[in-house]
2 protein chains.
Amino acid sequence: MVLRDKVVTLAHGGGGKAMRDLIAEVFTAVFQPPGSEDQARLMDEALREPGARLAFTTDSFVVTPLEFPGGDIGKIAVCGTVNDLVVGGARPLWLSAAFIIEEGCPVDTLRRVVASMAEEAAKAGVRIVTGDTKVVERGKGDGVFVTTSGIGVIPPGREIGAVQVRPGDVVLVNGVLGDHGATILAARGDLALSSDIQSDCAGLGHLMEAALAAAPGIRAARDCTRGGLASTLNEIAGEAGVAIELDETALPLRDEVRGVCEILGLDPLYLANEGRLALFCPADQAEAALAAMRALPEGMGAVAVGRVLAAPAGRVTMRTPFGGSRIVDMLVGEQLPRIC
Amino acid sequence: MVLRDKVVTLAHGGGGKAMRDLIAEVFTAVFQPPGSEDQARLMDEALREPGARLAFTTDSFVVTPLEFPGGDIGKIAVCGTVNDLVVGGARPLWLSAAFIIEEGCPVDTLRRVVASMAEEAAKAGVRIVTGDTKVVERGKGDGVFVTTSGIGVIPPGREIGAVQVRPGDVVLVNGVLGDHGATILAARGDLALSSDIQSDCAGLGHLMEAALAAAPGIRAARDCTRGGLASTLNEIAGEAGVAIELDETALPLRDEVRGVCEILGLDPLYLANEGRLALFCPADQAEAALAAMRALPEGMGAVAVGRVLAAPAGRVTMRTPFGGSRIVDMLVGEQLPRIC
């Protein structure tokens with residue numbers, strides 16, 4: 001069977017033959033979901049273990065442009081949902097993928113997005129087991145939006161979350177910050193920026209498992225996506241009722257990203273990342289966690305960037321190189337729309 | 001906390017304070033997901049039973065208009081995903097909900113959609129446990145799109161699916177066909193139709209459990225959404241390798257729906273439903289299944305509409321009142337876009 005259409009039309013969303021052909025050739029031929037029902041039927045022995053819990057998460061992806069240096073909307077959709085599972089200590093098992101396609105979207109674009117999803121899923125060890133496609137009229141969508149949901153299993157006894165964070169903990173990140181945000185800015189072209197920066201978009205399951213093996217006391221982790229490291233730390237500080245102090249000299253920033261931010265008046269602490277997490281670790285296990293992360297490509301640039309203090313609750317501050325201190329607030333308003 | 005914004009702006013998707021406030025007040029205050037992490041952590045004892053399986057499904061909803069007689073996009077999003085679980089014999093447990101909101105969407109519209117999701121979830125006995133919001137620029141979306149994913153548990157030993165269908169089985173439906181499709185057509189207004197038809201949108205979990213209790217031999221079920229009963233039966237006939245013969249005189253159709261179809265040259269067999277399923281049942285249990293369905297409001301109009309024949313595989317036909325027979329093909333192209 002060869003789909004003759006070059007672009008998606010409204011007929012591909014109507015529930016009839018055109019839709020069946022599009023789904024069969026572009027989606028299920030690549031993802032190979034189990035069975036022919038609208039629901040996947042699944043089991044994993046890890047779920048039956050006493051004390052094991054199921055982790056469930058979802059994200060819609062609306063990034064523009066759809067393809068950019070270092071990734072595309074499909075790669076982000078898989079990595080983003082995988083990362084939402086792994087930062088809670090879950091081992092990701094299964095993903096769903098739902099596509100809202102704008103009339104006129106080239107079928108070849110969909111094929112590339114789907115191929116990149118399949119590749120990232122394989123890397124992360126997850127299967128895309130169920131999905132959906134809808135088509136909207138031209139001007140009612142934007143190419144394609146992808147929504148992925150993920151199921152993972154949290155092994156018995158693993159308690160990772162913001163509420164576990166304690167004063168004295170060290171804050172680690174796994175590499176330079178802001179590459180994804182700066183890449184999207186540059187890729188949009190309307191800022192006349194040219195740079196060699198690539199998105200950091202990556203699945204972090206292997207990194208998280210390696211860190212946990214080396215530092216079983218890890219308290220919490222969170223991926224620093226929209227709103228950047230600053231917003232992530234503010235969330236955690238609020239939920240844990242602690243203060244967090246960053247060390248400005250320790251922040252890992254690429255010169256190109258610093259440059260983009262200076263030109264545009266942006267703060268790299270608020271730039272989105274798609275392959276970076278903040279990890280909260282007891283001080284005596286921080287070196288072990290860093291060493292384990294640095295042994296993997298996605299953690300090569302791992303460093304400690306700050307520490308947790310008892311008070312004031314919910315406050316994030318940054319020590320400057322000159323001995324001063326400033327408040328690092330949550331992002332107000334928006335820095336950059338449709339970054340993921 | 002009172003959200004002062006009347007409409008959604010791009011800032012509500014930026015990952016900062018505006019987004020946090022929108023999510024807290026409009027979404028999580030109503031859905032009350034467990035915990036503060038990006039992933040829900042869940043367990044249900046039914047999942048641990050030997051032989052139990054997990055069912056996982058997803059659907060994006062892009063219906064226009066967002067609100068229509070008998071429902072709205074939120075009600076459809078919950079019922080649609082619940083129904084995808086229950087037609088496979090699963091008991092629905094948890095849903096995720098991801099929103100792609102167009103800049104300018106009134107916050108009050110979102111509140112109504114969310115309230116209607118919460119109401120349907122309560123009726124169906126499922127919890128909305130995790131979610132996401134994204135905002136796209138004006139003209140890159142259409143009000144709001146909702147993607148729901150669902151997890152359910154299939155009890156040990158329950159094998160329901162198209163491949164179980166056998167020659168001699170009876171095909172049942174739970175009520176009049178095409179109300180949803182006709183309602184959406186009329187609600188769009190541009191056809192100058194006025195009618196009192198309401199969408200049939202409904203969760204079918206209780207109906208399916210009642211039917212299974214009365215007729216444990218039920219082979220397969222599928223909800224007749226996009227493409228209508230005709231497309232659903234073609235899918236099942238193809239997957240099961242059987243023929244299906246409908247009896248035209250038995251088809252339950254409302255006079256108003258017949259009327260709309262005659263005026264517009266549509267075939268009601270292809271009109272979408274959001275609260276109707278086709279059930280395949282051994283002939284000797286069909287009366288019991290019908291009686292059980294008729295005892296519930298969503299099954300009051302349950303009738304037998306056809307039967308399964310051995311051959312030709314994949315073929316659906318209809319016996320006309322005059323003793324003739326015609327082929328009922330899968331929908332070709334689209335009858336009506338954005339029906340769900």
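The values are calculated or read from the model by the stated rules, or taken from the named source; none is laboratory data. For clarity, every value in this text was computed on a predicted model and none was experimentally measured. Positions of Cβ are backbone-derived with ideal geometry, glycine not excepted, and every protein chain shown enters the neighbour counts. Note: areas computed on protein heavy atoms with side chains; ligands, DNA, RNA excluded. Shrake-Rupley method; radii C 1.70, N 1.55, O 1.52, S 1.80 Å.
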Dipole of the protein assembly as shown, positive end: most advanced residue of A:Leu85, A:Thr183, A:Cys261 [Cβ charges, Cα centre]: A:Leu85
Contact order normalised by residue count of segment A:162-327, Cα under 8 Å, 6+ apart, percent: 43 percent
Per-residue SASA entry for A:Thr232, accessible area with 1.4 Å probe, Å² rounded to 10: 10 Å²
DSSP-defined beta bridges in segment A:162-327 - what % are antiparallel, rounded to 5: 85 percent
Anisotropy class of chain A from Cα gyration tensor, a/c 1.5 cut: oblate
Charge dipole (debye, nearest 20) of the protein assembly as shown; +1 at Cβ of Lys and Arg, -1 at Cβ of Asp and Glu: 540 debye
Mean residue ellipticity (222 nm) of the protein assembly as shown, computed from DSSP H runs ≥ 4 via -39,500 (n - 2.57), nearest 500: -8000 deg cm²/dmol
Listed residue (A:Gly16, A:Ala121, A:Val63) projecting farthest to the positive dipole end of segment A:1-132, Cβ model: A:Ala121
Solvent-accessible area, 1.4 Å probe, carbon plus sulfur percent, for the protein assembly as shown: 51 percent
Sequence of A:Lys6, B:Lys75 from largest to smallest accessible area, 1.4 Å probe: A:Lys6, B:Lys75
Of the GluC sites (Glu not before Pro) in segment B:1-94, those whose Cβ has at most 11 other Cβ within 10 Å and which sit in DSSP loop: none
Hull volume in cubic angstrom per residue (convex hull over the Cα atoms of segment B:99-250): 179 Å³
Label geometry 7 Å along the beta-carbon vector: B:Ala46 inter-copy distances in nm: 2.4
Computed over chain B: relative contact order in percent, which uses C-alpha pairs under 8 Å that are six or more apart: 22 percent
Student exercise, segment B:206-340 dipole from Lys, Arg, Asp, Glu Cβ charges, in Debye to nearest 20: 120 debye
Contact surface B-A: accessible area buried, both sides summed, square angstrom, 1.4 angstrom probe: 6400 Å²
Share, in percent, of DSSP beta bridges within segment A:10-154 that are antiparallel, nearest 5: 70 percent
Taking segment B:1-112 and dividing mean pair separation by its residue count, relative contact order in percent (alpha carbons under 8 Å, at least six apart): 37 percent
Residues of segment A:93-111 buried by at least 40 Å² on assembly (accessible area, 1.4 Å probe, chain alone as reference): A:Ile100
Cβ-vector label at 7 Å, B:Gly323, separations to other copies in nm: 10.7
Cα centre as origin, Lys/Arg/Asp/Glu Cβ charges: chain B dipole, Debye: 400 debye
Shortest-first nm distances, A:Gly259 label point to equivalent points in other copies (7 Å, Cα→Cβ): 7.1
Above-threshold pairs, the threshold being 23 Å between Cα atoms, out of A:Lys134/B:Lys6; A:Lys123/B:Lys134; A:Lys17/B:Lys134; A:Lys75/A:Lys134; B:Lys17/B:Lys75; A:Lys17/B:Lys123: A:Lys134/B:Lys6; A:Lys123/B:Lys134; A:Lys17/B:Lys134; B:Lys17/B:Lys75; A:Lys17/B:Lys123
B:Val87 accessible area, assembled protein chains, probe 1.4 Å, Å²: 10 Å²
Per residue accessible area of segment A:162-327, 1.4 Å probe, in Å²: 38 Å²
